[in-house]
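A short write-up of the structure that comes next.
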Amino acid sequence: MEPILEIKNLSYIYSIGTPFEHKALDNISFAVHRGEFIGIIGHTGSGKSTLMQQLNGLLKPTSGTVLLEGKDIWSDKQLTRQARFRVGLVFQYPEYQLFEETVYRDIAFGPKNMGLSAEEIDRRVREAAGFVGLTAEQLEVSPFDLSGGQKRRVAIAGVIAMEPEVLILDEPTAGLDPIGRAEILGNIESYRRAKNATIMMVSHSMEDVARLTDRLLVLNGSKLAMDGTPAEVFTHAEELVDMGLSIPEVTQVFLHLRKLGLDVENVYTIGQAVAALKKIRGGAAHA
C-alpha cells in the first residue's frame, strides 16, 4: 500500500549563511500510511515544530522531498496549495488564532478558501462541530464568549472542516484539565475512525502516546532517533531519559526494577511490577 505521506532525506536549515545558521532537521526519512495514529516526541528544540510545518508545505525543505501520495508537494504550486488542505495543521494553543464574529464563520473559513459551495461548506461546518462536541446553538455565538476548552474545539473544528486526510496536532491538550484532555483526544479519535484519516500528534504526555498511538517518531538533535511502536520505543527507556524525555509511569517502574537487578522480562502487568518493587523495598528495609 502506497504511503499517504513519505519524507525522504529531509533537511532544513534556518538562517543559511548567517551567524545564526542552525540545522533543525538532518536527513530525516519515514513513511506514513492512511489511518495511522502517530505520536511525535522529542525534547524542546529537537525539530518537532519544523517537521510539522514541512509536512503541509508551510516550510520548504533545504534538501530532500515531501511526497503526498507519491508526488513532491513542491514540484508544482498547485500541489503545494493542495497539500495545505489535505494535510491539516493545528498549532499549539490554536484558540489564539480565532478571529471571526461567530463560531460558524470561524469554522467555515478554511472551506470557503477551498472554493466550496455554500451547501458543502454548511455540511462541513456542522459535521466538524459535531466531531468536537459543539452544539448548533454554539455555532451562532462569538468564539470569544466561550471557555478556553470550547475555543480549542472551535479551532480544531476549523481544520477538520477542510476534511484533511492527514491531521497534525501540536500538543492539542496543553493547558486543559483532565476531563478536557480526555474529550479532545476522544474527538480526534472519532475523526480518525470516521474518515480513516491519519493522525500525527506532538505530545509531551508519554501516557497519552503510549495509550493512543500505533507508532512513535522520536526526534533528538535534529535527527530521527527512533521509529517504532510504543512498546518498541519504550523498551529503550534509558536512552529516552538520556534524551531528556519522560517515560510512562509503568515504564519508570520497570526501569527501576531493572536497575535493582530484577528480570523484568518476566513481569507482565503493572500490578506484578509494583508488587515486585514493594517486595524488594521491604527486603531492603529488613536487611
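Every number here is computed from the coordinates shown, using simple stated rules; none is lab data. Here the structure is a predicted model, which is why all the values come from computation and not from measurement. Neighbour counts run over all protein chains shown; Cβ positions are idealised from the backbone, glycine included.
Listed values, structure above:
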item: J(HN,Hα) series, the range 116-124, from Karplus relation 6.51 cos²θ - 1.76 cosθ + 1.60, nearest Hz, glycine and proline x; result: 7, 6, 4, 5, 5, 4, 4, 4, 5
item: GluC sites (Glu not before Pro) lying in DSSP loop within the range 91-126, provided at most 14 other Cβ fall within 10 Å; result: E101
item: Volume in Å³ per residue [convex hull over Cα atoms, computed for the range 94-222]; result: 122
item: Lys, Arg +1 and Asp, Glu -1 on Cβ, resulting dipole of the range 94-229 about Cα centre, debye, nearest 20; result: 340
item: Per-selection Rg to Rh, the range 97-163 - Cα, Kirkwood hydrodynamic radius; result: 0.92
item: Net charge of neighbours whose Cβ lies under 13 Å from the Cβ of S63, counting Lys and Arg as +1 and Asp and Glu as -1; result: +1
item: About the Cα centre, charge dipole magnitude for the chain (Lys/Arg +1, Asp/Glu -1 at Cβ), debye; result: 300
item: In Å, descending, principal axis extents of the Cα set of the chain; result: 76, 50, 42
item: Chymotrypsin sites (Phe, Trp or Tyr not before Pro), loop per DSSP, at most 10 other Cβ atoms within 10 Å - longest free stretch of the chain; result: 100-267
item: Helix-only [θ]222 nm of the chain, DSSP H runs n ≥ 4, -39500 (n - 2.57) each, per residue, nearest 500; result: -12500 deg cm²/dmol
